[in-house]
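A short worksheet on the structure shown next.
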Amino acid sequence: PANIAEGFARRSDADKVRFFNIAAGSVEESRYYLILSQDLGYGDTQTLTGSLEEASRLLSGYTRAILTPGS
């Protein structure tokens, strides 16, 4: 979330996209930790996984919108 907030505050689209790409990497890292937590039996991660998927889709859509000329 911090990278998304920082990217949002940037003026140039290139800077915004750079921070959103970092955030996308953090999404993948979080996905790994959820899988690991599930494998270690720490509990059901289904709800968190769904929320992570939604955040990933929203982030991807916003990044695509910035990269699309005229948007």
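Could you figure out which of (1) basic (K, R); (2) in contact with a helix residue (DSSP H, G or I) (Cβ under 7 Å, 6 or more places away or on another chain); (3) modelled with pLDDT of 95 or more isn't true of R57?
Going through (1) basic (K, R); (2) in contact with a helix residue (DSSP H, G or I) (Cβ under 7 Å, 6 or more places away or on another chain); (3) modelled with pLDDT of 95 or more one by one, R57 breaks only (2).
Can R18 be described as of a type in the set (K, R) and either in contact with a Pro (Cβ under 7 Å, 6 or more places away or on another chain) or over 14 Å from T63 (Cβ atoms) (or both)?
So R18 does not fit the description; no.
For region 49-71, enumerate the residues that are more than 23 Å from F19 (Cβ to Cβ) and in contact (Cβ under 8 Å) with a residue 12 or more places away in the chain.
Residue satisfying the conditions is T49 alone.
Please work out if V17 is among the β-branched types (V, I, T), touching a Leu at 6+ places or on another chain (Cβ under 7 Å) and within 20 Å of T68 (Cα to Cα). Talk me through it step by step, then tell me what you get.
Values: among the β-branched types (V, I, T): yes; touching a Leu at 6+ places or on another chain (Cβ under 7 Å): yes; within 20 Å of T68 (Cα to Cα): yes.
In short, yes.
Within the set of pairs 6 or more residues apart or between chains, which connect a residue that is free of Cβ contacts under 8 Å to residues at least 12 places away in the same chain inside region 31-44 to a residue that is surrounded by 10 or more Cβ atoms within 10 Å (Cβ to Cβ) with Cβ atoms less than 6 Å apart?
As it stands, the answer is S37/T45; Q38/T45, since those pairs meet every condition given.
The values are calculated or read from the model by the stated rules, or taken from the named source; none is laboratory data. None of these values were measured; they are calculated from a predicted model. Note that each Cβ is placed from the backbone with ideal geometry, even for glycine, and that neighbours are counted across all protein chains shown.
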